Each structure stands twice: as C-alpha cells, then as structure tokens.
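A single structure is presented below for examination.
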Amino acid sequence: MKKLKAKQAGLRRRHTRVRGKISGTPARPRLCITRSNSNMYAQVIDDVAGKTLCAVSTLSADFKASEKSGATVEGASVLGSLIGKKAIESGVTEVVFDRGGNLYHGRIKAVADGAREAGLKF
C-alpha cells in the first residue's frame, strides 16, 4: 500500500509541475490526457473560460464502434484521431498538449500521434 501511495503522489507532483508550465487559451486550448489501466480520456479545455470544448473517452459510443481496447496503443491511436476530428469540428486547429504527469511514451504518445494525423497542430 505504501508503494501505491508513493506512485500516486509522484504522478500528482509531476502533473502539478506540467500544469504550472502550460495552460489553455481560447486561441490554443489544452489537450488533456488521463489514463487508467483499462481506459483513457481526452479533453480539449479552454482554461481562461473554464470550459471543456470537446471530450472523448474509451467508454464513449464513438470509440466503441471501432472495436479497439482502451488499454492498447492501437486503441489510444484511435482515441487520438477521434479527439482530433471532434476538436476540428469545434473550430480548434492548434492545441497545447498536457500529458497529465505521465511519460510521453506508449499510449500517451499514440494519442498525440493520432491527433496529429487527424489534423491538430501542437
């Protein structure tokens, strides 16, 4: 239990450090990625207005139509392309990437690559 608490505290500390350096503006909102062992969530957020412009998760109907798992790199890539398409439909073409305290590797990188392929600029 002690090891789990230390991991969670480290994740919280890294996320706070990342959020201290970036924030979303109306011209360039923040693409925030949150992940668990089995699911992933992506949101495009305007921090100035305090509003979520669009969101997609591996639990949404759009994602479930792709028949991919949220716990794989392929599923994360599909999630990235979905959030990229939704963001472009909302009028957002450029975002700031918020990795949420996680390493930019694996599923987090796959979401970013999928969003880039959909047309979002970082």
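The values are calculated or read from the model by the stated rules, or taken from the named source; none is laboratory data. The structure presented is a predicted model; accordingly, all values stated were derived computationally and were not measured. Methodologically, a virtual Cβ is constructed for each residue, glycine included, from the backbone with ideal geometry; neighbour enumeration extends over all protein chains shown. The area values use the complete protein model at the heavy-atom level, side chains included, leaving out ligands, DNA and RNA. Shrake-Rupley method; radii C 1.70, N 1.55, O 1.52, S 1.80 Å.
Can you work out which of the residues in the stretch 18-36 that are assigned to a loop (DSSP other than H, G, I, E, B) and at pLDDT 95 or above is most open to solvent (accessible area, probe 1.4 Å)?
Step one: of the stretch 18-36, the residues assigned to a loop (DSSP other than H, G, I, E, B) are 22-29, 36.
Applying the additional criterion that residues be at pLDDT 95 or above yields 28-29.
Working: 28: 86, 29: 1 Å².
So, considering only residues that are assigned to a loop (DSSP other than H, G, I, E, B) and at pLDDT 95 or above, the one most open to solvent (accessible area, probe 1.4 Å) is 28.
Hey, another quick one. For the stretch 99-119, which residues satisfy the criterion of being in a helix (DSSP H, G or I) and under 10 Å from residue 76 (Cβ atoms)? Before you say what the answer is, go through the steps one by one.
Our first condition is that a residue be in a helix (DSSP H, G or I); within the stretch 99-119, this holds for 107-118.
Answer for the stretch 99-119, where residues must be in a helix (DSSP H, G or I) and under 10 Å from residue 76 (Cβ atoms): 107, 108, 109, 110, 111, 112, 113, 114.
I'd like the residue in the stretch 100-119 that is over 24 Å from residue 90 (Cα atoms) and either out of contact with any helix residue (DSSP H, G or I) (no Cβ under 6 Å at 6 or more places or on another chain) or free of Cβ contacts under 8 Å to residues at least 40 places away in the same chain (or both) and, out of all such residues, is surrounded by the most Cβ atoms within 10 Å (Cβ to Cβ).
Only one residue tops the list, namely 106.
Return only the number of the condition from (1) part of a loop (DSSP other than H, G, I, E, B); (2) polar (S, T, N, Q); (3) under 26 Å from residue 88 (Cα atoms) that residue 43 does not satisfy.
Every condition holds for residue 43 apart from (1).
Could you check the stretch 46-59 and list, in sequence order, the residues that are part of a loop (DSSP other than H, G, I, E, B) and surrounded by 14 or more Cβ atoms within 10 Å (Cβ to Cβ)? Walk me through how you get there before you give the answer.
Looking only at the stretch 46-59, we keep the residues that are part of a loop (DSSP other than H, G, I, E, B), and these are 47-50, 58-59.
Result: 47, 58.
Could you grab me the full set of residues in the stretch 64-76 that are crowded, with 21+ Cβ neighbours inside 10 Å and closer than 18 Å to residue 116 by Cα? Outline the logic, then answer.
Of the stretch 64-76, the ones crowded, with 21+ Cβ neighbours inside 10 Å are 70, 75-76.
Matches in the stretch 64-76: 75, 76.
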